[in-house]
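Here the structure comes first, spelled out in structure tokens, and everything after it is commentary.
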There are 6 protein chains.
Amino acid sequence: MSRLSHIDDEGKARMVDVGDKAVTRRTATASVQVRMNHATLTAVRNNRIAKGDVLSVARLAGIQAAKKTASLIPLCHQVPLNHVDIQFTVDTERDLVLITAVVSADWTTGVEMEALTACSAAALTMYDMVKAMQKDVVIDDLKLLSKKGGKSGDFTRSDT
Amino acid sequence: MSRLSHIDDEGKARMVDVGDKAVTRRTATASVQVRMNHATLTAVRNNRIAKGDVLSVARLAGIQAAKKTASLIPLCHQVPLNHVDIQFTVDTERDLVLITAVVSADWTTGVEMEALTACSAAALTMYDMVKAMQKDVVIDDLKLLSKKGGKSGDFTRSDT
Amino acid sequence: MSRLSHIDDEGKARMVDVGDKAVTRRTATASVQVRMNHATLTAVRNNRIAKGDVLSVARLAGIQAAKKTASLIPLCHQVPLNHVDIQFTVDTERDLVLITAVVSADWTTGVEMEALTACSAAALTMYDMVKAMQKDVVIDDLKLLSKKGGKSGDFTRSDT
Amino acid sequence: MSRLSHIDDEGKARMVDVGDKAVTRRTATASVQVRMNHATLTAVRNNRIAKGDVLSVARLAGIQAAKKTASLIPLCHQVPLNHVDIQFTVDTERDLVLITAVVSADWTTGVEMEALTACSAAALTMYDMVKAMQKDVVIDDLKLLSKKGGKSGDFTRSDT
Amino acid sequence: MSRLSHIDDEGKARMVDVGDKAVTRRTATASVQVRMNHATLTAVRNNRIAKGDVLSVARLAGIQAAKKTASLIPLCHQVPLNHVDIQFTVDTERDLVLITAVVSADWTTGVEMEALTACSAAALTMYDMVKAMQKDVVIDDLKLLSKKGGKSGDFTRSDT
Amino acid sequence: MSRLSHIDDEGKARMVDVGDKAVTRRTATASVQVRMNHATLTAVRNNRIAKGDVLSVARLAGIQAAKKTASLIPLCHQVPLNHVDIQFTVDTERDLVLITAVVSADWTTGVEMEALTACSAAALTMYDMVKAMQKDVVIDDLKLLSKKGGKSGDFTRSDT
């Protein structure tokens with residue numbers, strides 16, 4: 001199938017009509033990497049070890065952004081969410097923080113965009129918190145890992 | 001200087017006080033890549049050639065997100081922006097869309113987060129528009145290219 | 001029945017309780033005219049012929065406003081929408097752009113306000129885009145064309 | 001000058017850069033008519049005579065919408081407002097409510113869109129409050145009456 | 001049961017997963033007192049007697065805030081509300097305004113936070129309206145009076 | 001002076017025109033108490049001692065709410081803030097958490113409402129986090145402690 005999601009036959013943007021889609025349990029998992037140099041990552045890790053707020057602020061930003069997805073992504077539907085879970089792995093070998101978001105809802109449309117938006121806001125917030133130390137942090141590899149529910153069926157990234 | 005931006009001596013989150021910073025012209029440029037397979041990129045390129053809406057929707061999403069940065073990134077200040085410019089390069093050799101955002105303001109604090117947020121929302125919106133064709137699109141390499149203005153001085157990424 | 005919708009016996013504002021209303025498919029269609037002089041309309045038409053962004057931006061503004069209706073109209077309920085469709089007719093005889101919005105939801109309350117709000121935001125955005133050429137553009141004839149679903153029954157304007 | 005406000009040479013949407021515009025006092029006045037049948041207008045007038053909330057709710061909706069203009073009209077700048085004033089005339093001869101909004105700010109860009117948005121939200125809210133009595137109410141003649149300040153100079157509608 | 005609501009075993013914040021909770025009718029009632037001196041209360045009472053807007057503005061602020069609860073309280077779910085009712089008692093003996101909010105929804109999670117948020121915003125708005133007369137107004141005794149629905153059962157404050 | 005702040009001679013609501021007020025440094029300090037039983041306070045204290053998230057989440061909610069004041073309190077102006085600082089005192093003698101917020105801005109109007117709104121949102125968020133343990137927590141004594149700047153002069157509560 002080779003059609004763009006929100007584009008009609010004339011190339012114009014449109015919202016998808018979800019009126020005839022069934023309400024089912026929808027789940028989506030996404031992840032993103034925040035890559036920084038060793039000194040910055042050490043500061044993040046030390047803050048975590050000291051149970052500081054760096055990851056807490058990023059987590060909250062991600063949860064709140066997931067709830068706002070429909071106001072950020074113009075053609076997304078408003079989806080009341082059951083749950084948003086955000087986890088962080090501070091990877092001192094690869095000098096990155098891996099952020100994973102799992103989002104679920106019982107609704108007529110999927111929550112992939114919510115999971116990706118949660119990862120994105122958490123990563124941007126992490127950037128905001130380390131930018132006094134290092135301005136060339138890179139946010140990388142934001143992707144959907146898997147989704148469940150809905151007519152289009154389940155999806156799992158082949159390299160997951 | 002090796003301190004996290006919004007973290008106090010006890011590791012707790014705080015907002016930075018910008019009350020004694022001077023109002024100057026602040027500019028920031030950021031970019032991001034949306035990597036997809038060749039068939040999806042061809043659909044995006046054909047839509048662009050046909051002057052369809054794919055890039056227009058992503059551009060608007062980016063502009064609007066830049067204006068909302070302070071409500072997405074918890075410790076950011078509200079900054080009224082002079083300008084947000086978003087450009088797209090459809091790169092058929094590397095099978096990606098490169099998105100670049102330039103943001104400017106006359107304010108007491110920089111607009112790096114606004115430029116990064118604009119890129120991020122534009123990239124997520126592009127994902128939303130191609131996800132019916134390809135679910136394993138990757139948003140990569142979101143980074144600050146340069147910033148100007150403010151006491152901390154100008155910055156240009158060394159690999160830019 | 002001659003009562004104002006959100007006004008109690010003492011003339012005070014109140015929200016309507018929709019707790020005992022049935023969830024049914026609700027649809028509403030509204031339209032509005034943006035009247036301008038011939039030169040301005042020609043610029044809009046030429047932009048459309050050249051597949052420019054004028055109508056695309058107005059359409060997106062309308063779709064996004066429909067989703068925000070409950071935050072704009074104080075006593076409206078939050079209604080997750082199935083679909084928002086916005087169409088434009090560039091009428092070179094009467095020198096106006098006719099905007100039509102169709103909104104649907106499966107909910108306990110109607111979506112008339114969402115359809116009217118979508119038209120209104122699309123028309124304001126069109127004004128914003130032509131105001132450098134002509135400041136005395138008029139937004140006219142914003143009205144509900146029809147609604148379906150709900151206990152109060154279907155409605156179609158007699159002059160439609 | 002015959003150019004669309006937010007459209008570049010290729011017909012694409014863009015934000016206007018206000019970085020080199022001077023901060024001056026900007027004022028804009030707009031008006032709109034809400035036309036209804038005599039019974040509905042009488043209900044509104046009686047509510048006003050009884051000092052009920054119909055016009056108060058519409059006024060508040062207008063003031064709040066003016067403050068949100070930049071999130072409703074995609075290419076508008078964020079403008080902190082000095083003042084929003086909204087007045088109502090219940091015209092029993094022409095069976096309409098005339099709503100007038102005056103908005104002012106000291107800023108680099110005008111507040112026409114804020115005045116028009118205030119009128120629009122006040123009119124939509126009035127529609128919301130009378131729709132149980134009459135569904136074919138028409139919102140008409142939304143227009144800019146005058147603007148002051150800024151390089152493009154003052155404007156007053158010729159038929160005002 | 002001695003566990004904090006949104007805190008996991010490691011003390012970290014989390015959203016509660018409501019995916020397996022049943023949709024039932026949820027109702028919550030909260031109240032708050034706005035305590036002021038006699039002259040200020042008299043001004044409020046006179047405005048009410050003259051059917052002025054003081055209480056109307058506070059009521060609208062409360063209703064609108066209830067609808068925004070999920071964007072104010074970081075870990076709250078988005079809950080579309082059936083009804084928000086806000087009542088005021090001007091108590092000239094104790095020199096206070098008592099504000100009571102009743103909120104209901106058919107949803108998987110309770111609406112206590114919505115009722116408390118409505119009271120809070122109404123009280124803050126009342127403060128805003130009297131602050132030119134008296135700056136040491138106190139907002140006191142914001143509490144949940146009762147809740148109904150949901151697995152955790154009904155609750156009524158013992159001193160109600 | 002015995003006039004309500006946002007009320008005109010006819011008792012109707014209005015926004016105050018700040019166009020002729022000088023831009024000066026404005027500061028406001030407010031506080032609120034969250035009163036709970038000893039077991040609940042102990043859980044909060046233990047979470048704090050374990051450097052958990054309870055106070056962090058409440059702090060972030062307060063900071064974010066301060067930035068949103070103009071969208072919560074209908075007649076407030078949009079004020080870009082320099083700083084929001086929120087501190088918590090866990091008072092095991094009186095079984096309460098004392099929350100203090102200090103807000104500052106260089107603007108034409110004061111930030112009292114921002115400081116009170118920050119306290120209010122932080123307190124509501126704390127309620128949200130303990131409500132599984134105790135539903136009869138009371139939010140008490142929300143008040144302005146002091147303000148500085150602006151024509152009306154400085155203010156300090158007499159009992160502070």
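Answer yes if at least one residue in the stretch E:13-24 is within 20 Å of F:Asp53 (Cα to Cα) and among the charged types (D, E, K, R), and no otherwise.
Residues of the stretch E:13-24 that are within 20 Å of F:Asp53 (Cα to Cα), as a first pass: E:13-17.
Subsequent filtering for residues that are among the charged types (D, E, K, R) retains E:14, E:17.
The answer is yes; a qualifying residue exists.
Checking the conditions here, which among B:Arg3, B:Arg48 is more than 8 Å from chain A (Cβ to nearest Cβ) and open to solvent by 30 Å² or more (accessible area, probe 1.4 Å)? It would help to see each step written out before you state the result.
On the way: B:Arg3 fails: more than 8 Å from chain A (Cβ to nearest Cβ).
Going through B:Arg3, B:Arg48 in turn, just one is more than 8 Å from chain A (Cβ to nearest Cβ) and open to solvent by 30 Å² or more (accessible area, probe 1.4 Å): B:Arg48.
Scanning the stretch D:56-67 for residues that are more than 7 Å from chain C (Cβ to nearest Cβ) and in contact (Cβ under 8 Å) with a residue 12 or more places away in the chain, which turns out nearest to E:Gln64 (Cα to Cα)? Steps first, please.
We begin by selecting, within the stretch D:56-67, every residue more than 7 Å from chain C (Cβ to nearest Cβ); these are D:56, D:58-59, D:62-64, D:66-67.
Going one step further and asking which of them are in contact (Cβ under 8 Å) with a residue 12 or more places away in the chain, we end up with D:58-59, D:62-64, D:66-67.
Details: D:Ala58: 14, D:Arg59: 15, D:Gly62: 14, D:Ile63: 14, D:Gln64: 11, D:Ala66: 16, D:Lys67: 15 Å.
The selected residue is D:Gln64.
Can you spot a residue in the stretch E:115-131 that is without any contact (Cβ under 8 Å) to a residue 40 or more places away in the chain and more than 16 Å from the chain's Cα centre (by Cα)?
Restricting attention to the stretch E:115-131, the residues satisfying the condition of being without any contact (Cβ under 8 Å) to a residue 40 or more places away in the chain are E:128, E:131.
Retained after the next criterion (residues that are more than 16 Å from the chain's Cα centre (by Cα)): E:128, E:131.
Yes, there is a match, as at least one residue in the stretch E:115-131 is without any contact (Cβ under 8 Å) to a residue 40 or more places away in the chain and more than 16 Å from the chain's Cα centre (by Cα).
Residues of the stretch B:120-157 being polar (S, T, N, Q) and over 27 Å from B:Val23 (Cα atoms), which ones?
Correct list: B:Thr125, B:Gln134.
Just to be sure I understand the filter: pairs with C-beta atoms under 6 Å, separated by 6 or more residues or on different chains, first member in the stretch B:3-25 and on the phi > 0 side of the Ramachandran plot, second member of a type in the set (S, T, N, Q). Which pairs pass?
Pairs found: B:Gly11/A:Asn47.
As an exercise: evaluate F:Arg14 against (1) out of contact with any strand residue (DSSP E or B) (no Cβ under 8 Å at 6 or more places or on another chain); (2) within 30 Å of D:Gly149 (Cα to Cα) and give the number of the one condition it does not meet.
(1)
Within the stretch F:33-54, identify whether any single residue is within 15 Å of the chain's Cα centre (by Cα) and either of a type in the set (Val, Ile, Thr) or closer than 18 Å to F:Ala115 by Cβ (or both), and answer yes or no. Steps first, please.
Let us first name the residues in the stretch F:33-54 that are within 15 Å of the chain's Cα centre (by Cα), namely F:33-34.
Remaining after also requiring either of a type in the set (Val, Ile, Thr) or closer than 18 Å to F:Ala115 by Cβ (or both): F:33-34.
Yes - at least one qualifying residue is present in the stretch F:33-54.
What number of residues in the stretch C:92-123 are closer than 14 Å to C:Asp141 by Cα, outside any strand (DSSP E or B) and open to solvent by 40 Å² or more (accessible area, probe 1.4 Å)?
Residues in the stretch C:92-123 being closer than 14 Å to C:Asp141 by Cα, outside any strand (DSSP E or B) and open to solvent by 40 Å² or more (accessible area, probe 1.4 Å): 1 in total.
Give C:Val32, C:Val44, C:Val16 a once-over and let me know the one that is under 28 Å from A:Ser71 (Cβ atoms) and assigned to a helix (DSSP H, G or I). Give the steps one after another, and end with the answer.
On the way: C:Val32 fails: assigned to a helix (DSSP H, G or I); C:Val16 fails: assigned to a helix (DSSP H, G or I).
None of the other options fit; the residue is C:Val44.
Specify which of the listed residues (E:Gln134, E:Gln78) is under 26 Å from F:Met133 (Cβ atoms) and touching a helix residue (DSSP H, G or I) at 6+ places or on another chain (Cβ under 7 Å).
Residue meeting the stated conditions: E:Gln78.
Please work out which one of (1) more than 20 Å from A:Ile139 (Cα to Cα); (2) within 10 Å of chain A (Cβ to nearest Cβ) is the condition B:Arg25 fails and give its number.
(2)
For E:Lys147, state whether it is touching a Phe, Trp or Tyr at 6+ places or on another chain (Cβ under 6 Å) and assigned to a strand (DSSP E or B). Steps first, please.
Numbers: touching a Phe, Trp or Tyr at 6+ places or on another chain (Cβ under 6 Å): yes; assigned to a strand (DSSP E or B): yes.
When the stated conditions are applied, E:Lys147 passes them.
Here are the criteria: (1) farther than 16 Å from B:Arg59 by Cβ; (2) part of a helix (DSSP H, G or I); (3) away from chain D (no Cβ under 14 Å). Tell me which single one B:Ser71 does not satisfy.
Going through (1) farther than 16 Å from B:Arg59 by Cβ; (2) part of a helix (DSSP H, G or I); (3) away from chain D (no Cβ under 14 Å) one by one, B:Ser71 breaks only (3).
List the number of the failed condition for E:Leu72; all other conditions in (1) at pLDDT 95 or above; (2) in contact with an Asp or Glu (Cβ under 6 Å, 6 or more places away or on another chain); (3) buried (at least 17 other Cβ atoms within 10 Å of the Cβ) hold.
Condition not satisfied by E:Leu72: (2).
List the residue pairs whose Cβ atoms are under 6 Å apart, where the first residue sits in the stretch D:68-94 and is of a type in the set (Ser, Thr, Tyr), the second is assigned to a loop (DSSP other than H, G, I, E, B) and surrounded by 19 or more Cβ atoms within 10 Å (Cβ to Cβ), and the two are 6 or more positions apart or on different chains.
Cβ pairs passing all conditions: D:Thr69/D:Cys76.
What residue, of C:Gln78, C:Gln64, is part of a loop (DSSP other than H, G, I, E, B), under 23 Å from the mean Cα position of the chain (by Cα) and modelled with pLDDT of 95 or more? Explain how you work it out, then say what you get.
On the way: C:Gln64 fails: part of a loop (DSSP other than H, G, I, E, B).
Answer to the check: C:Gln78.
With the requirement that a residue be more than 26 Å from F:His6 (Cα to Cα), open to solvent by 30 Å² or more (accessible area, probe 1.4 Å) and without any contact (Cβ under 8 Å) to a residue 60 or more places away in the chain, what does the stretch D:29-45 give you?
Passing the criteria: D:His38, D:Thr42.
Conditions tested, residue by residue: (1) among the basic types (Lys, Arg); (2) within 8 Å of chain E (Cβ to nearest Cβ).
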| site | (1), (2) |
| --- | --- |
| F:Ala105 | no, no |
| F:Thr109 | no, no |
| F:Met113 | no, yes |
| F:Cys119 | no, no |
| F:Lys135 | yes, yes |
| F:Leu144 | no, yes |
| F:Gly150 | no, no |
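Right, B:Asp53: open to solvent by 10 Å² or more (accessible area, probe 1.4 Å) and within 7 Å of another protein chain (Cβ to nearest Cβ) or not? Break it down stepwise before answering.
On the way: open to solvent by 10 Å² or more (accessible area, probe 1.4 Å): no; within 7 Å of another protein chain (Cβ to nearest Cβ): yes.
For B:Asp53, the condition - open to solvent by 10 Å² or more (accessible area, probe 1.4 Å) and within 7 Å of another protein chain (Cβ to nearest Cβ) - is not met.
Take the conditions open to solvent by less than 30 Å² (accessible area, probe 1.4 Å) and among the charged types (D, E, K, R) and apply them to A:Arg26. Does it pass? Explain how you work it out, then say what you get.
Numbers: open to solvent by less than 30 Å² (accessible area, probe 1.4 Å): yes; among the charged types (D, E, K, R): yes.
Criteria met by A:Arg26.
The values are calculated or read from the model by the stated rules, or taken from the named source; none is laboratory data. This is a predicted model, so every value here is computed, not measured. Neighbour counts are summed over all protein chains in view; Cβ atoms, including those assigned to glycine, are modelled from backbone coordinates with ideal geometry. For the accessible areas, the whole protein counts, side chains as well, though only heavy atoms, and no ligand, DNA or RNA atoms are used. Shrake-Rupley method; radii C 1.70, N 1.55, O 1.52, S 1.80 Å.
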